[in-house]
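K.L.:
This structure is in C-alpha cells; I'll ask about it shortly.
Read-outs throughout are calculated quantities, based only on the coordinates presented, and are distinct from any laboratory measurement. Keep in mind it's a predicted model, so treat the numbers as computed, not measured. Here the Cβ positions follow ideal geometry from the backbone for every residue, glycine too, while neighbour counts run over all protein chains shown.
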Amino acid sequence: MSITYTISDLAKEFDLTTRAIRFYEDMGLLQPERSGPGGRNRVYSTRDRARLKLTLRAKRLGLSLTEAKDIIDMYDSPRDTGAQLKKFLQVLALHRVQLEDQMADLQANLEEVKEHERETRALLAKAQKKA
C-alpha cells in the first residue's frame, strides 16, 4: 500500500494554507486522486508531495509558478535527461541575470542612502556648532 496524504497533512508539513495547496492544484502542479462522496476528498500521493516540495524550492529560488511547473513536468516526462538539464540551466541563468540586475540596483540605492546619511550628519554637525 502506498503512502498518501490529505490536504491538511501537506498544509501542516509545509506550513501552507489549504487554499495555497488548492491553488497549486489549479495551476496543474499537483494532481490528487479524489475519494469520498462526490469526490470531495483530495488524496495526495508521494509524487504530489515531492512536486509540492520542488514547487516551494523553486519559489524560494524566485522562479515563477509557470517556470516551476515547466521544470517539474520535464522530470515526469520520458524525455532525454540532457535536454531537461539544459532547459533547467537556461531558466537558472536567466533568473541569475535578473537577480544580479536587482542586486546592482539595490547596491546603487544603498550607496545613495549612505551618501545622504553622510551629508545629513555633516549638516547636523554644522548646525549643532552654530547653536
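K.L.:
GNM, the chain, Cα, under 10 Å: largest mean-square fluctuation among Lys69, Lys114, Lys59?
P.N.:
Per the Cα network of the chain with a 10 Å cutoff, Lys114 tops the list.
K.L.:
Angle between the Cα long axis of helix 46-61 and the longest principal axis of the chain, 0 to 90 degrees, nearest 10?
P.N.:
10
K.L.:
If you don't mind, another one. As a test of the formula, what do you get for the chain when each DSSP H run with n ≥ 4 contributes -39,500 (n - 2.57) and the sum is divided by the residue count, at 222 nm and rounded to the nearest 500 deg cm²/dmol? The partial results should precede the final answer.
P.N.:
On the way: 5 runs with 95 residues, N = 131.
Here the helix-only value at 222 nm equals -25000 deg cm²/dmol.
K.L.:
On to the next question. Please give the direction-averaged projected area of the C-alpha convex hull for the range 78-131, in square nanometres with one decimal.
P.N.:
Directional mean of the projected Cα hull area for the range 78-131 stands at 4.5 nm².
K.L.:
For the chain, place one equal point scatterer on every Cα, skip the solvent, and apply the Debye formula. What is log10 of I(q)/I(0) at q = 0.10, 0.13, 0.18, 0.19 Å⁻¹?
P.N.:
So the normalised log intensities work out to -0.53, -0.70, -1.02, -1.08.
K.L.:
Here is a further query. Want the number for Arg121 to Leu85: 0.36 nm per residue separation, take away the alpha-carbon distance, what's left? Write down the numbers at each step before the final one.
P.N.:
Details: separation 36, 0.36 × 36 = 12.96 nm, distance 5.24 nm.
Additional length available on full extension: 7.7 nm.
K.L.:
Pick from Gly36, Gly62, Gly28: which is most flexible by mean-square fluctuation in a GNM of the chain where alpha carbon atoms under 10 Å apart are linked?
P.N.:
Gly36
K.L.:
Give the angle, between 0 and 90 degrees and rounded to the nearest 10, that separates the Cα long axis of helix 81-130 from the longest principal axis of the Cα atoms of the chain.
P.N.:
With both axes taken from Cα atoms, the answer is about 30 degrees.
K.L.:
If the only charges are +1 at each Lys and Arg Cβ and -1 at each Asp and Glu Cβ, what is the size of the charge dipole of the chain around the Cα centre, to the nearest 20 debye? Can you show the working numbers first?
P.N.:
Working: 24 positive and 20 negative charges, 82 e Å.
The calculated dipole for the chain is roughly 400 debye.
K.L.:
Another one. In whole angstrom, note down how far apart the Cα centers of the range 105-119 and the range 1-47 are.
P.N.:
47
K.L.:
Right, something else. Considering Cα pairs under 8 angstrom that are at least six residues apart, work out the relative contact order of the chain and quote it in whole percent.
P.N.:
Values: 78 pairs, mean separation 21.0, N = 131.
Once normalised by length, the contact order is 16 percent.
K.L.:
Here's another thing I want to ask about it. Mean-square fluctuation check for the chain, GNM, Cα pairs under 10 Å: which of Met103, Met27, Met74 is largest?
P.N.:
Fluctuation is largest for Met103.
K.L.:
Moving to a separate point now. Mind checking which aspartates and glutamates have their Cα closer than 18 Å to the Cα of Lys130? Skip sequence neighbours fewer than 8 apart in that chain.
P.N.:
Of all the aspartates and glutamates, those that pass the test against Lys130 - Cα under 18 Å, at least 8 places apart if same chain - are Glu119.
K.L.:
Still on this structure, I have one more. Could you please report the charge total around Arg34, scoring K, R as +1 and D, E as -1 over all other residues with beta-carbon less than 15 angstrom from its beta-carbon? Kindly include the intermediate steps, with their values, before the conclusion.
P.N.:
Values: positive: Arg22, Arg40, Arg42; negative: Glu25, Asp26, Glu33, Asp48.
Net charge in that neighbourhood comes out at -1.
K.L.:
FRET efficiency for Gln107 and Thr18, Cβ-Cβ distance as r, R0 = 35 Å, nearest 0.05?
P.N.:
Numbers: r = 40 Å, r/R0 = 1.14.
Once the sixth-power term is evaluated, E becomes 0.30.
K.L.:
Provide, in order from the shortest bin, the percent of all Cα-Cα pairs of the range 1-61 in each 5 Å bin, continuing until the bin that contains the maximum pair distance.
P.N.:
All Cα pairs considered, the percentages come to 4, 18, 31, 29, 12, 4, 1, 0.
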